[in-house]
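First the structure, then my questions, so here it is.
The values are calculated or read from the model by the stated rules, or taken from the named source; none is laboratory data. Worth saying up front: this structure is predicted, and the values here are computed from it rather than measured. A quick note on method: Cβ atoms are made from the backbone with ideal geometry, for glycine too, and the neighbour counts reach across all protein chains shown.
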Amino acid sequence: MESFEYTAHHPRVVFGAGTLSRLPAEIARAGGSRPLLLSRRGPVAGVDAVFDGVAMHTPVEVTERALEVVRERGADCLVALGGGSSTGLGKALVARTGLPLIAVPTTYAGSEMTPILGETDGGVKTTRRDPALLPATVIYDVELTRTLPAGLSVTSGLNAMAHAVEALYSPQANPAIDSFALDAIGRLARALPRIADRPDDLDARADALTGAWLAGICLGTVGMGLHHKLCHVLGGSFGLPHSETHAVVLPHVMAYNAPTAMARIAAALGVSDAPAGVFDLAARLGAPTSLAELGLPETALRTAAVAATETPYPNPRAVTADGVERLLSDAWHGHRPATAAGDLSRLTAQVVASFAGAPDQRLAALLGDLVTRLHGFVADNDLTEAEWTAAIGFLTETGQLCSPTRQEFVLLSDTLGISSAVDLLSNSRSPDTTPSAVLGPFYVEGPPVKEHGADLAEGLPGTPLRADVRVTDVDGRPVAGATVDVWQSNQDGYYDVQLPDLEGPVLRARLRTDGDGRLWFRSILPSEYPIPDDGPVGRMLRATGRHPYRAPHLHFMISAPGHRRLVTQLFVAGGPYLDSDAVFGVKDDLIIDFPSDEDGTRRVAFTFRLGPDSAGD
Ligand code: BEZ
Ligand code: FE
């Protein structure tokens, strides 16, 4: 069970195309009448006072100059329009004045959603976190992002994706943030290629900006891991550009932290291997893929790795200087990240391709799908060698127990519900016919032929039973001369083949329908019984806390020329185990009343409807 603490401090959001026009109303809503715009762009409608000295990394001297302008102008509200630097200055001024801030982000960095302020003073960076720093309103105007150059859109979008990725394995992760993160990853992955293709595609821009907002919430709400730490070091100590560094480093940190969260990320990205998927996306969209390209000297890798591992912080995989140096070396060279998941998908593809030359295409398709699912099973469950060896041992034993009178593999298929699954799908193709049910292991070819009215129990003890059977086609027309094989357990729940001391076949017979499609016989009421549980299947049942019992039933196998053979069972209504049959063989339409006569004889009357014989059956 998951446990978490979650406090939501998400600013009010106004999202849409052309929403900058709502700025005056939002300023008034925040109680402002003399706003100051913090932006490298010119003034905007409704705000004439502008401070345009915005700089990267929020230097304190810039903040102090801006503070003077705030005082000179008597500003009572701040409007930060631009990328992370404008938002950063806005928050730095909020920290000093307590004025309300309206953020209008034009990139996907997401800092408008975080209560974090990072400032630099004489080259030293300090950060603080305070919900009071959050903007009063964030206006997302999709129109403003239309002119963000394609290259910057891609790297800024990958920066946003990094917030969402790290949120998924954060110690503070919770279901709300997880769904924001996965939604953000999916939207960004779908939107960025469309933006790279057509930067003014408004729908793609809206998707990317929504993704950036959600990723910003992730960044502002839960702690980040190795990726953010590394990018901080590379930006702060080596002067690498912010969003490009995120774009290069992200796939390598993902590979380092794999497999944690990677299956969910891969699903959101629509790829089989998440780290390689992000690398391929970045490369395809023309983003930088190596730290060398960004100008980092190779000699800096060790220093950066040591700096990134000096103070401990939460990350799904232990952060060691050697491990991070290898990661950085891969990122420096621009290698496509290799993960077990990536190698596995190549292996799976190879095995599937190996069947391509099979003359029987159905065989190739079935084997290909089986292998794909089994490989997925191995990966999704992190199957250990010991577990696989145990599974092989189990299957070997199952095979070794098979003989002409004991079919342990059929029993395995039955108890795993596979026989019933195959039966269910075959049966669903002919809804007008009587439902079929599993054959089971106790049918014996060529049962003794009996006349109508014969007693199948031949004097064995039990509650007397009279069965009246009719066989028709799907239109209710009688099927004369149909061969009806019947077999059942005795009062103690055994079939004759399980009792070596018993003389000859008993409780089994072959009868034929008359001209009206009818037959009748006598017998005893079948009992519930355990399936053979002295082998590996029995062990599996015990290991999983399952009982081995079948609900009481009569077996029928009915064949007639021109009709589809029907193998089925009739279950005694009110009998035990109808809800928990060990082989999942019970179907509602096959649960039948066996009412009692005055003399205690139970009666069952049933009409079996056979489907037409069609090719392929
Ligand atoms: C039976 O009904 O005879 C049966 C079916 C499946 C497994 C074992 C027994
Ligand atoms: Fe049975």
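Only one of these conditions is not met by Arg510: (1) more than 16 Å from ligand 2 (Cβ to nearest atom); (2) at pLDDT below 95. Which number is it?
Just one mismatch for Arg510, condition (2).
Helices (runs of 4 or more DSSP H) wholly in the stretch 363-429 with at least 2 residues that are within 16 Å of ligand 1 (Cβ to nearest atom) - which ones?
408-415, 418-428
Moving on. Considering only the stretch 235-260, how many residues are over 22 Å from Leu152 (Cα atoms) and β-branched (Val, Ile, Thr)?
The number of residues fulfilling the criteria is 1.
Please verify whether Ala176 is among the hydrophobic types (A, V, I, L, M, F, W, C) and surrounded by fewer than 19 Cβ atoms within 10 Å (Cβ to Cβ), treating the condition exactly as stated.
yes
Scan the stretch 109-164 residue by residue and report those that are surrounded by 20 or more Cβ atoms within 10 Å (Cβ to Cβ) and over 23 Å from Pro11 (Cα atoms).
Matches in the stretch 109-164: Leu148, Ser153, Val154, Thr155.
So, one more: So which residues in the stretch 457-490 are away from ligand 1 (no atom under 16 Å from the Cβ), assigned to a loop (DSSP other than H, G, I, E, B) and farther than 20 Å from Arg565 by Cα?
Ala457, Glu458, Gly459, Leu460, Pro461, Gly462, Thr463
Considering the stretch 324-356 alone, what residues qualify as being among the β-branched types (Val, Ile, Thr) and modelled with pLDDT under 95?
Thr339, Thr348
Just name the residue that is farthest from ligand 2 (Cβ to nearest atom) out of those in the stretch 513-527 that are of a type in the set (Ser, Thr, Tyr) and in contact with a strand residue (DSSP E or B) (Cβ under 8 Å, 6 or more places away or on another chain).
Here the answer is Thr513.
Sticking with this one: Look through the stretch 36-89, keep the residues that are of a type in the set (Gly, Ala, Ser) and surrounded by fewer than 19 Cβ atoms within 10 Å (Cβ to Cβ), and return whichever of them is farthest from the chain's Cα centre (by Cα).
The qualifying residue farthest from the chain's Cα centre (by Cα) is Gly74.
When you check Ala509 against the structure, is it surrounded by 14 or more Cβ atoms within 10 Å (Cβ to Cβ), of a type in the set (Gly, Ala, Ser) and within 12 Å of ligand 1 (Cβ to nearest atom), yes or no?
When the stated conditions are applied, Ala509 does not pass them.
Now for a separate question. Among the candidates Val62, Val54, Val13, single out the residue that is aliphatic (A, V, I, L, M), in a helix (DSSP H, G or I) and either within 26 Å of Arg128 (Cβ to Cβ) or modelled with pLDDT under 95 (or both).
Val62
Additional query: Being within 16 Å of ligand 2 (Cβ to nearest atom) and of a type in the set (Asp, Glu) narrows it down to one of Asp492, Asp473, Asp455, Asp468, so name that one.
So the residue among Asp492, Asp473, Asp455, Asp468 that is within 16 Å of ligand 2 (Cβ to nearest atom) and of a type in the set (Asp, Glu) is Asp492.
I would also like to ask the following. Quick one: in the stretch 528-547, which of the residues that are free of Cβ contacts under 8 Å to residues at least 60 places away in the same chain and either among the aromatic types (Phe, Trp, Tyr) or under 30 Å from Arg466 (Cβ atoms) (or both) is nearest to ligand 2 (Cβ to nearest atom)?
Per the criteria, the residue is Tyr529.
Starting from residues that are under 27 Å from the mean Cα position of the chain (by Cα) and of a type in the set (A, V, I, L, M, F, W, C), keep the ones in the stretch 391-435 and report whichever is farthest from ligand 2 (Cβ to nearest atom).
Applying the filter and picking the extreme gives Ala391.
Output the residue which, of all residues in the stretch 430-456 that are of a type in the set (D, E, K, R) and in a loop (DSSP other than H, G, I, E, B), is surrounded by the most Cβ atoms within 10 Å (Cβ to Cβ).
The residue in question is Lys450.
Could you pull out the residue among Ser596, Ser580, Ser559 that is of a type in the set (Gly, Ala, Ser), away from ligand 2 (no atom under 16 Å from the Cβ) and exposed (fewer than 14 other Cβ atoms within 10 Å of the Cβ)?
Sole residue among the options that is of a type in the set (Gly, Ala, Ser), away from ligand 2 (no atom under 16 Å from the Cβ) and exposed (fewer than 14 other Cβ atoms within 10 Å of the Cβ): Ser596.
Is it the case that Gln488 is surrounded by fewer than 18 Cβ atoms within 10 Å (Cβ to Cβ), over 24 Å from Ser614 (Cα atoms) and among the polar types (S, T, N, Q)?
When the stated conditions are applied, Gln488 does not pass them.
Next up: Could you please find all residues in the stretch 562-577 being of a type in the set (A, V, I, L, M), surrounded by fewer than 21 Cβ atoms within 10 Å (Cβ to Cβ) and more than 13 Å from ligand 2 (Cβ to nearest atom)?
Matches in the stretch 562-577: Ala573 only.
Run Tyr495 past the list (1) touching a Ser or Thr at 6+ places or on another chain (Cβ under 6 Å); (2) aromatic (Phe, Trp, Tyr); (3) without any contact (Cβ under 8 Å) to a residue 40 or more places away in the chain and report the number of the one that doesn't hold.
(3)
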